[in-house]
Structure formats: C-alpha cells, structure tokens
Amino acid sequence: MKIRFGFGFICALVLGTAFSLQAQELGPGFTKVKDGIYVFAPDATTTTCSFVVTQEGVVMIDSCNSPLDSRKMLAAVKKVTDKPIVFLIDTETHSDHTANHFVFSPPATIINHEGAGAAMRKEFDPKRGETLAAKSPELREAVQGYKMIAPQIEYKDKMTINLGERTFELIYLKNVHSEADTAIWLPKERVLFAASAANVRRFINLRPSVMIPDVLASYKLMKSLNPEVVVAGHGPVSTTKVFDEYEGFYTLLLKRVGDMAAQGKSLAEIKKELKMPEYADWHDQDRLGVNIDAAYKSAKK
C-alpha cells in the first residue's frame, strides 16, 4: 500500500527555521535526532513517542504512555510547526502506545497493521478515563474528551507513505510483541523506529504468542536496513547496538534453557534455577520468567 502527498514549497523557509529548534526548548525528555525529527523518551522504561515534521504536515509515532505526556507532545509539535498532524502511526497495539489517540485524532489519521483495531477493542478498559481522572487534577484535565479511537487505516505486510519530502516505510514484524507490530523506516534520514521488539537494556514482557526465532529474525531484518539512529519502543535513542544486545541475550537464554531441558528439567525447575547474571543491570528483572517461558517453548519444538 502506498500513500503519496504533493510538495508544498511555500513554507520551506519557515520549516527550515522550525527545524533548527533545539530539543531542550521542548522540555525534559525530548531529543532531536535529525532536523525535524524529535523523540520523547523521559526515562529508561516509559513508552517512547515521536514526531516527524514534513513540508506537508506532521507524522506522529505512538501516542505516549500517559495523556499528560501526550499533551506535552502536542505542545511540543505546536512549538516546532503550525502544520497539522496528518498521520499517527502505531508501532504496536498495547494501551501504553495507543490509548491516547484522542489527543491527536482528529485531525490525525491513525495507521496500524491489520488486526490492530480488533486487538485494541479487546484490551480496551472503558473505565480508564474515569480512573485516570481520579488520580489528580492534572490528569482530570488531560483526559478531557477521552475515548478509544481505533486505526482508520490498517495495512498488510508493508506500506509506504510519501508525505512532503519524506518517505515512511512501514514494515510488519510478526510475533515479536503484540498482535500488530510495526517498524517505521525513514530511508533518506536513516532513522528507524523499532517498536517494542527491542528496548534499551530491559527485559521485554513477552506474551505467549511471541516466538523468539521471530524476534531474532526481526533484529536481522532491521539491522539489514543499516540505520544510523534506532528509536526503541521504550528507552533513550540508540543505535543498532540494541539489536546486538538482545541477540546476545536471547542466544544465551536459548542455549541455557535448551541445555537444562535436555537434562530433563521441567519448566518450573528451569525458572527456579536459571540465572542470567550477565544482565543483572537490565530493567524489569521480574520479566525473566516470561522470557524463559518463550525460550522453553522453542526448546521443546
């Protein structure tokens, strides 16, 4: 699937000035990775969300973890440009990436992979807005207008968007995290948004549908693009180093789990005995168990 929009050259000079805005002017947590490309990653675990300015409008990537963060993102976009947010592309289906669509759409058209809307509806908590509003006056204001908004466009396998001077290539990543995961590649700028297939030094919460061989295949695919910048689903802006680190982790985990399974140990025994001291400084240590589950499933095939 391809979507193409024409150029609007009248505002090129204005945008050139806007592109020079430094990330620190947008507030804590923002990083400017290239001209017109900004990432909001306030800490090592909070959901990353980003925006890319083009001559024809803005493309958002994920809608942030909290409506407070979403409002910060919207304010940052308005500081950089008066262009509308044309598209909001989800990298997955989980609510920490998708629940705040209402802040940006309309006007943004939301895009995700085939099946994302159904997965979001299944996960949807109708009391989420009410629950958040009760936490603080700031959240009560931030959730005004809250509602679940599913993607208006769902693509299959691959999709290319040409907006202004930029090209966005959407690539489906199968069985790596959620029911619909998308890597977003900007070939001219060599910037890759890698979804939650890889985060930054963090144990990933692998769901039962996730297959480690598919996860490893996704790293090989994304590394083959040769990106200069990698924006993970969680954590600070990085490089292909994140893929190398996860490849090392999963390769070692598969070996250790496989060896223990070959010795006749049960899954429960492996989860009790197996340690990964090489990764003691990674975040979310409590998720090692679900990673062992996935490795055991692969070992028993």
*Having 2 or more residues that are of a type in the set (D, E, K, R) and surrounded by fewer than 20 Cβ atoms within 10 Å (Cβ to Cβ) is the bar; report the strands (runs of 3 or more DSSP E) wholly within segment 22-84 that clear it.*
30-34
*Within segment 227-270, can you find the residues that are buried (at least 17 other Cβ atoms within 10 Å of the Cβ) and either on the phi > 0 side of the Ramachandran plot or basic (K, R) (or both)?*
G235, R256, K265
*asked:* Show the residue pairs meeting these rules: Cβ distance below 8 Å; 6+ apart or different chains; first residue within segment 242-266 and in contact (Cβ under 8 Å) with a residue 60 or more places away in the chain; second residue not in a helix (DSSP H, G or I).
replied: none
*strands (runs of 3 or more DSSP E) enclosed by segment 101-172 - at least 1 residues per element that are open to solvent by 60 Å² or more (accessible area, probe 1.4 Å)*: 153-155, 158-163
*Kindly indicate which of S209, S218, S196 is open to solvent by 10 Å² or more (accessible area, probe 1.4 Å) and among the polar types (S, T, N, Q).*
S209
*Between residues in segment 276-301 that are farther than 18 Å from G235 by Cβ and residues that are charged (D, E, K, R), which pairs lie under 7 Å by C-beta distance while being six or more apart or on different chains?*
G289/K271; I292/K271
_Single residue of segment 192-238 satisfying the filter (basic (K, R) and in contact with a strand residue (DSSP E or B) (Cβ under 9 Å, 6 or more places away or on another chain)) that is farthest from Y296 (Cα to Cα)_ = R201
*Residue, nearest to T182 (Cα to Cα), within segment 140-153, restricted to residues that are in contact with a helix residue (DSSP H, G or I) (Cβ under 6 Å, 6 or more places away or on another chain) and modelled with pLDDT of 90 or more*: P151
*Of all residues in segment 85-100, which are open to solvent by 20 Å² or more (accessible area, probe 1.4 Å) and under 23 Å from D35 (Cβ atoms)?*
V86
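The values are calculated or read from the model by the stated rules, or taken from the named source; none is laboratory data. The structure displayed is predicted, hence computed values, not measured ones. Cβ coordinates were reconstructed from backbone atoms using ideal geometry, including for glycine residues, and neighbour counts include every protein chain displayed. When the accessible area is computed, the model is the full protein with side chains, heavy atoms only, and any ligands, DNA or RNA have been set aside. Shrake-Rupley method; radii C 1.70, N 1.55, O 1.52, S 1.80 Å.
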